[in-house]
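Below you'll find the structure, written out as structure tokens, and then a few comments.
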Amino acid sequence: MVEGGVDVSIEQKDEPRGDDGGRRDPNTCPSCGSHYRDDELRATLRVCPQCGHHFPMCARERIDSLADPDTFEEASSDLRSSDPLEFFDLRPYRERLAEAELETGLGEAVVIGSALLDGHPCELSVMDFSFMGGSMGSAVGEKFVRACESAAEQSVPLISITASGGARMQEGILSLMQLPKTVCAVEDLYDAGGAMFSVMAHPTTAGVLASFASLGDVIVAEPGALLAFTGPRVVQQTTKERLPDDFGLAESNYRFGHIDGIVERHELQPFLARLLRLFSHGR
């Protein structure tokens with residue numbers, strides 16, 4: 001179970017296990033077994049040089065890889081989730097939020113702000129899976145809405161990069177209300193003549209996939225990313241049928257026309273720069 005989200009069976013990819021069943025070093029590639037130092041992974045944008053496996057990437061690293069140097073201006077950094085339900089499972093929700101902030105250095109599971117990308121102005125909304133599984137609560141929904149509003153006001157495209165286990169269960173119905181809220185925000189952006197490019201990283205699932213992540217003018221994904229409403233393990237247990245090996249992965253979604261393309265991380269910045277040039281033509 002992803003903390004704060006849905007069961008998407010991602011532990012085999014992002015939390016690889018060693019032969020003895022213990023947790024493997026996070027800098028060891030789960031696909032080919034190659035091991036890297038932190039600085040080596042940073043130099044390759046956290047992509048394995050041997051096999052091309054895409055390691056998880058935090059929001060700030062991703063922003064640095066896309067935005068022109070010293071151009072990103074973060075917005076709504078002080079926005080935090082409250083605990084309207086006073087939720088308690090094994091631990092209080094407030095304690096989980098504080099722990100996530102200490103571990104990630106983020107106030108929430110999404111970072112928004114304006115930037116230049118190859119000299120073109122844009123608005124960025126970048127999710128971070130390491131903050132409670134990238135789950136979407138009321139603060140995440142509100143920050144995304146503000147990013148849409150800012151993009152509309154500035155007449156610039158919005159680039160949305162998602163990595164999420166879905167709605168945040170600790171906020172109950174309030175988290176589910178973020179689905180229509182974010183969908184309406186995208187619709188308002190389009191009504192204002194704006195554009196949105198959606199980049200789905202591993203994993204993009206459940207409520208986030210079912211709302212704003214699937215509404216981009218152009219929708220692409222990173223190789224091997226899980227893009228599904230629920231994970232293959234749950235689907236297989238429910239249907240009692242054997243699923244294809246690539247069920248729910250970016251490659252399967254591309255084959256069935258659910259996304260417009262698969263873009264490797266090294267190619268993402270020039271790809272988005274091309275889109276910005278195309279969608280800003282004549283302005």
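When only alpha carbons are used to place a centre, region 184-226 and region 33-77 end up 21 Å from one another. Sort by residue number and name the cysteines in the chain that have no neighbouring cysteine Cβ under 4.7 Å. Unpaired cysteines in the chain: 58, 122, 148, 184.
Positive end of the dipole of the chain (Cβ unit charges, origin at the Cα centre): among 72, 186, 156, the Cα lying farthest that way belongs to 186. Computed in the context of the full set of protein chains, the accessible area of region 96-156 at 1.4 Å probe radius has 47% of its extent on carbon or sulfur.
Here region 108-226 is treated with +1 on each Lys and Arg Cβ and -1 on each Asp and Glu Cβ, and its dipole about the Cα centre works out to around 320 debye. A 1.4 Å probe run over the protein chains yields, for the chain, 47 Å² of accessible area per residue, whole-number rounding.
Here the chain is described by how far its Cα atoms reach on the three principal axes: 58, 47, 38 Å, from widest to narrowest.
Surface composition of region 189-245: carbon plus sulfur atoms contribute 54% of the solvent-accessible area (1.4 Å probe, protein chains only, all chains present).
Rounded to the nearest 500, the 222 nm mean residue ellipticity of the chain from helices alone is -9500 deg cm²/dmol, with -39,500 (n - 2.57) taken per DSSP H run of at least 4 residues.
By accessible area, using a 1.4 Å probe on protein heavy atoms only, region 35-84 has 45% of its surface on carbon and sulfur.
Of the GluC sites (Glu not before Pro) in region 40-109, the ones in a loop by DSSP (not H, G, I, E or B) with at most 15 other beta carbons within 10 Å are 86. Counting only heavy atoms of the protein chains and using a 1.4 Å probe, residue 177 has close to 110 Å² of accessible surface.
The values are calculated or read from the model by the stated rules, or taken from the named source; none is laboratory data. Everything quoted here is computed from the prediction, not taken from an experiment. All Cβ positions, even for glycine, are placed from backbone atoms using ideal geometry, and neighbour counts span all protein chains on display. For accessibility, only protein heavy atoms count, side chains too; no ligands or nucleic acids. Shrake-Rupley method; radii C 1.70, N 1.55, O 1.52, S 1.80 Å.
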